[in-house]
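Student: Structure in structure tokens, see below.
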Amino acid sequence: MRLIGLTGGIASGKSSVGKVLQEEGVIVICCDTAAKQVVEQGCPGYEKVVKTFGTDILLPNGEIDRQKLGSVVFSTRENREILNRCIHPEIAKVVRRRLIWEFLKGTQLVVLDIPLLFESCNIRPYMHSVVLVYCTPEQQKERLMDRNDFTEEAANARINSQWSIDEKKGMADHVIDNTGLFLDTEAETRALLVELKKGIIPIRNLLLLIMAAIVGFILYNF
């Protein structure tokens with residue numbers, strides 16, 4: 001099974017690229033989605049976060065208020081690291097279970113959508129290659145302020161909490177330019193997918209090769 005890392009800065013368009021890949025039939029495992037799952041009520045991640053940051057971050061229905069939690073977490077680096085220690089092990093469990101399932105199904109290409117892929121140095125060695133979705137820091141800020149209704153200060157806090165996107169750009173194997181029209185980004189994504197699939201033997205052909213090898217071995221030793 002070939003693992004492709006998909007990453008980028010916050011509001012760079014990474015999730016949109018992931019959706020294009022899904023439309024092309026690619027299995028995309030999103031760590032942001034897993035992060036939301038593990039802090040749902042009744043999950044171990046929820047208990048850890050509430051125990052650590054207190055009940056002030058909860059909505060009246062008991063769910064975690066993501067906006068309040070974000071305000072606390074992005075106020076200091078220490079708080080971000082504490083949150084990561086609470087939820088990253090739980091996220092890893094969700095992702096591992098999904099990867100095992102896809103392996104057993106015979107899935108040959110899986111894209112892991114990981115926002116902090118480069119920051120998490122223990123993940124990179126498992127990737128066949130890494131794709132970075134790129135836009136300028138100015139675009140990141142504009143999109144965050146427009147999409148999330150953030151103040152400029154709040155947007156900058158989230159951008160500065162990650163490695164700079166230009167630094168990540170130099171570390172990626174492939175870069176998808178999302179600074180212009182998204183139609184161009186879609187076309188670039190589909191063209192890159194063709195490249196990422198090169199060398200993958202279709203499962204049917206692989207089974208035929210294995211069967212042929214077994215038959216050949218039996219005949220040779222008969």
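The values are calculated or read from the model by the stated rules, or taken from the named source; none is laboratory data. Everything quoted here is computed from the prediction, not taken from an experiment. Neighbour counts run over all protein chains shown; Cβ positions are idealised from the backbone, glycine included. Side chains are part of the model used for accessible areas, which takes the heavy atoms of the whole protein and leaves out ligands, DNA and RNA. Shrake-Rupley method; radii C 1.70, N 1.55, O 1.52, S 1.80 Å.
Student: What number of residues within region 66-105 are open to solvent by 30 Å² or more (accessible area, probe 1.4 Å), farther than 14 Å from Cys30 by Cα and not charged (D, E, K, R)? Even if it seems obvious, please write down each step before you answer.
Tutor: Kept after step one, since they are open to solvent by 30 Å² or more (accessible area, probe 1.4 Å), are these residues of region 66-105: 66-68, 71-72, 74-82, 84-85, 88-89, 92-94, 96-101, 103-105.
Filter again for farther than 14 Å from Cys30 by Cα, leaving 66-68, 71-72, 74-82, 84-85, 89, 100-101, 103-105.
Then drop every residue that is not not charged (D, E, K, R), which leaves 67, 71-72, 74-76, 79, 82, 84, 89, 100-101, 103-104.
So the count comes out to 14.
Student: Between Gln139, Gln108, which is in contact with a Pro (Cβ under 9 Å, 6 or more places away or on another chain) and within 28 Å of Gln22 (Cα to Cα)?
Tutor: Gln108
Student: Next question. Let me spell it out: the conditions are (1) part of a loop (DSSP other than H, G, I, E, B); (2) crowded, with 19+ Cβ neighbours inside 10 Å, and Asn61 meets all of them except one. Which number is the exception?
Tutor: Just one mismatch for Asn61, condition (2).
Student: What are the pairs with Cβ atoms under 6 angstrom where one residue, in region 130-142, is among the β-branched types (Val, Ile, Thr) and open to solvent by less than 40 Å² (accessible area, probe 1.4 Å) and the other, located anywhere, is at pLDDT below 95 and in a helix (DSSP H, G or I)? Sequence gap at least six, or different chains.
Tutor: Going by the 6 Å Cβ cut-off, the qualifying pairs are Val133/Lys14.
Student: With over 22 Å from Thr76 (Cα atoms), part of a helix (DSSP H, G or I), among the hydrophobic types (A, V, I, L, M, F, W, C) and in contact with a helix residue (DSSP H, G or I) (Cβ under 8 Å, 6 or more places away or on another chain) as the only criterion, which of Val94, Val175, Val111, Val130 stands out?
Tutor: Only one candidate passes the filter, namely Val94.
Student: For region 162-172, enumerate the residues that are part of a loop (DSSP other than H, G, I, E, B), over 12 Å from Gln140 (Cβ atoms) and in contact (Cβ under 8 Å) with a residue 12 or more places away in the chain.
Tutor: In the first step, residues of region 162-172 are kept if they are part of a loop (DSSP other than H, G, I, E, B); the result is 162-164, 170-172.
Going one step further and asking which of them are over 12 Å from Gln140 (Cβ atoms), we end up with 163, 170-172.
Once the filter is applied, which keeps residues that are part of a loop (DSSP other than H, G, I, E, B), over 12 Å from Gln140 (Cβ atoms) and in contact (Cβ under 8 Å) with a residue 12 or more places away in the chain, region 162-172 yields Trp163, Met171, Ala172.
Student: So Lys19 fits all but one of (1) modelled with pLDDT under 95; (2) closer than 23 Å to Asn148 by Cβ; (3) in a helix (DSSP H, G or I); (4) out of contact with any helix residue (DSSP H, G or I) (no Cβ under 6 Å at 6 or more places or on another chain); what number is the exception?
Tutor: Of the numbered conditions (1) modelled with pLDDT under 95; (2) closer than 23 Å to Asn148 by Cβ; (3) in a helix (DSSP H, G or I); (4) out of contact with any helix residue (DSSP H, G or I) (no Cβ under 6 Å at 6 or more places or on another chain), the odd one out for Lys19 is (1).
Student: Examine region 182-192 for a residue that is more than 30 Å from Ile64 (Cα to Cα), small (Gly, Ala, Ser) and surrounded by fewer than 17 Cβ atoms within 10 Å (Cβ to Cβ), and state whether such a residue exists.
Tutor: Step one: filter region 182-192 for residues more than 30 Å from Ile64 (Cα to Cα), giving 182-192.
Remaining after also requiring small (Gly, Ala, Ser): 187, 191.
Now narrow it down to the ones that are surrounded by fewer than 17 Cβ atoms within 10 Å (Cβ to Cβ): 187, 191.
Within region 182-192, one or more residues are more than 30 Å from Ile64 (Cα to Cα), small (Gly, Ala, Ser) and surrounded by fewer than 17 Cβ atoms within 10 Å (Cβ to Cβ).
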